[in-house]
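A short worksheet on the structure shown next.
The values are calculated or read from the model by the stated rules, or taken from the named source; none is laboratory data. Bear in mind the structure is a predicted one, so any value in this text is a computation, not a measurement. Every residue, glycine among them, receives a Cβ derived from its backbone with ideal geometry; neighbour counts consider all protein chains shown. Accessible surface is based on the protein model in full, side chains and every heavy atom, while ligands, DNA and RNA are left aside. Shrake-Rupley method; radii C 1.70, N 1.55, O 1.52, S 1.80 Å.
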Amino acid sequence: RQDCFGFVPFLDMVNHGAPNADFHLSTLHSAFVLRALNDIKEGEEVLINYRADMSNRIYQALYGFVPQGGNFGDSLEIPDDLLASFKAGGEEAPEPGLHATLLEQALGLTPDNVEQVLLADPRLNAVLNSLPLIKDLPEDGVDPIRESDIAKTLFDYILAQRQAMTTSLDQ
């Protein structure tokens, strides 16, 4: 199956949301077919999922909106020069990023609650998707001051990006 993009008359009137319908291209009928996934009550809005794995930038460019309430597929690009600034000390410099294990501890994430926490907050999920994470802790330990400095720098960058993206209805 190959993804493609196009505006399809009438089908493009179906809104994005928690899907109660889906569509496919019928080669037999040379037409798009919209079908209910379950019973849809009279007056209930028909919704499809445009695509779950797109960033807000792609949603905005293709469809002219971003999903309300956050988007699990969103992320924020961390510039290479910011990532490079975490490397200090030449070739022996540690990998740039935060240690995932320490971040999980700081957020109180456990194997029992991680899915519930991330599903409850798509914005937190998007931020975590953006972070340069290092899977394993080094055998010689982690410099807590360096880890804290990286976390603060990343937090400040993400906060500044978020503030730059906010608009009011008047704007």
Of all accessible heavy-atom area on the chain, the percent that carbon and sulfur account for (1.4 Å): 54
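Heavy-atom accessible area per residue, the range 1-79, 1.4 Å probe: how many Å²?
Per-residue value: 75 Å².
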Expected sort for 22-28, 128-134 on mean C-beta neighbours within 10 Å, highest first, is 128-134, 22-28
Hey, got the dipole for the range 1-145? About the Cα centre, +1 on K and R Cβ, -1 on D and E Cβ, debye to the nearest 20? 740
Set Lys and Arg Cβ to +1 and Asp and Glu Cβ to -1, take the dipole of the chain about its Cα centre, and tell me which of 110, 97, 23 lies farthest positive. 23
So for the pair residue 149, residue 42, with labels modelled 7 Å out along Cα→Cβ, what separation do we get in nm? 6.9
For the chain, what value does the Rg/Rh ratio take when both radii are computed over Cα atoms and Rh is the Kirkwood radius, given to two decimals? 1.08
State, as an integer percentage, the relative contact order of the range 56-151 based on alpha-carbon contacts under 8 Å between residues 6 or more apart. 36
Using only helices, what value at 222 nm comes out for the chain when you add -39,500 (n - 2.57) per DSSP H run of length 4 or more and divide by the total residues, to the nearest 500 deg cm²/dmol? -10500 deg cm²/dmol
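Full-extension gain between residue 16 and residue 117, please, as 0.36 nm times their residue separation minus the C-alpha to C-alpha distance.
34.0 nm
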So how much slack lies between residue 137 and residue 62, counting 0.36 nm per residue of separation and subtracting their Cα-Cα distance, in nm? 23.0 nm
